[in-house]
Amino acid sequence: MPIKPYLEGGVFEPEDVQVMGMAFEEVCRVLGIGTAAAREREAVAVRIIELARRGERNYYRLVERVIKEAGGDRVQPLLGLPS
């Protein structure tokens, strides 16, 4: 998962890493952040990791919050995991 390089020093369960990775991909997709936009992708990853460290492990809430914080208007992710 593309979020793994940003996880140095963090201890997360494999399921959490999967959720964060999916949230990362979805936020980047919704906001139109391509693979060449390294700084923007890093900012998304860092924010998702910060939220997860504070206890948020729900895919939908991670995606919704990061999109809202970025000024996006679509808050319902297409991809998903059961809550």
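Every number in this text was worked out from the coordinates using simple rules, so none of it is lab data. Note that this is a predicted model, so its numbers are computed, not measured. Cβ sites come from the backbone with ideal geometry, for glycine too, and all protein chains shown count toward neighbours.
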Table column - 3J(HN,Hα) (Hz), the range 51-59, Karplus curve with 6.51, -1.76, 1.60, x for Gly and Pro: 5, 5, 5, 7, x, 7, 10, 8, 3
task: Report the local net charge at Tyr59: Lys and Arg +1, Asp and Glu -1, summed over other residues whose C-beta lies under 13 Å from its C-beta.
output: -3
